[in-house]
Amino acid sequence: TVVMEPTTENRSWGIFSAVGPSTPVKRMGINFGAPGDRKDQSGREWFGYPRPSTRERLEYVFDIKHRIAAGGGWYSRNEQSVDVDGTDSPWLYTSGGRGLTRFELPLISQGQPPAKYTVRLHFADMENEPPTALDVHLQGTKVSTGIRIKADAGSNRAHIEEFPDVEVDQNLLVELTPDDDRSLTTLSAIEVIRQE
């Protein structure tokens, strides 16, 4: 017996394939700590990082040269067991990098013209950490001071910080600095969109 049932949402994780040059990047979404790659309701692709294990096929592979503070690491929770408010894609916030302090996204290859990007950082306090202020640096420049995820958004609520007009000539450098050296910040995802 074969039964087919329509579905409105693809709930499965996979590994996206890619061929050809990967730069310049028009849009990239990275879901930290995710078990795989996935598309959201609008069809945008989100790549899991660290990259899922490949079998030497055509999977999209990249390295962001990340740094994680002592005591930090990647985490992932069952999306069915956690409620996340303020988003149409709650699964995007059920994983992340705890203690992630620095990473680089390869957006433009050497010899290609520079471009401006809009950068969106996706946060959610899924670890119930004490509230701490967070500074954000992009390309070595401080773009935000004192972001308080729990104070601004509350526990288990999606929170997005957006930064337009970020000039990139090769890699996008992102640095996250808590005001307390003992605190470990969490970042669920990053999305970069090239401005036309």
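The values are calculated or read from the model by the stated rules, or taken from the named source; none is laboratory data. This structure is a prediction, so every number in the text was calculated from the model and none was measured. Backbone-built Cβ (ideal geometry, glycine too); neighbour counts: all protein chains shown. Heavy atoms of the whole protein, side chains included, go into the accessibility calculation; ligands, DNA and RNA do not. Shrake-Rupley method; radii C 1.70, N 1.55, O 1.52, S 1.80 Å.
Structure notes:
- Restricting attention to region 153-196, the residues being open to solvent by less than 50 Å² (accessible area, probe 1.4 Å) and at positive phi number 2.
Matching residues to (1) at pLDDT 90 or above; (2) open to solvent by 30 Å² or more (accessible area, probe 1.4 Å); (3) on the phi > 0 side of the Ramachandran plot; (4) out of contact with any helix residue (DSSP H, G or I) (no Cβ under 9 Å at 6 or more places or on another chain):
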{"position": "VAL84", "(1), (2), (3), (4)": "no, no, no, no"}
{"position": "THR94", "(1), (2), (3), (4)": "yes, no, no, no"}
{"position": "THR101", "(1), (2), (3), (4)": "yes, yes, no, yes"}
{"position": "PRO113", "(1), (2), (3), (4)": "yes, yes, no, yes"}
{"position": "ASN128", "(1), (2), (3), (4)": "no, yes, yes, no"}
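- Given (1) more than 25 Å from THR177 (Cα to Cα); (2) modelled with pLDDT of 80 or more; (3) surrounded by 14 or more Cβ atoms within 10 Å (Cβ to Cβ); (4) not polar (S, T, N, Q), number of the condition ASP88 does not satisfy: (3)
- Restricting attention to region 165-191, the residues that are over 17 Å from TYR93 (Cα atoms) and under 16 Å from the mean Cα position of the chain (by Cα) add up to 6.
- Condition met for GLY154 (over 16 Å from the mean Cα position of the chain (by Cα) and modelled with pLDDT of 85 or more): no
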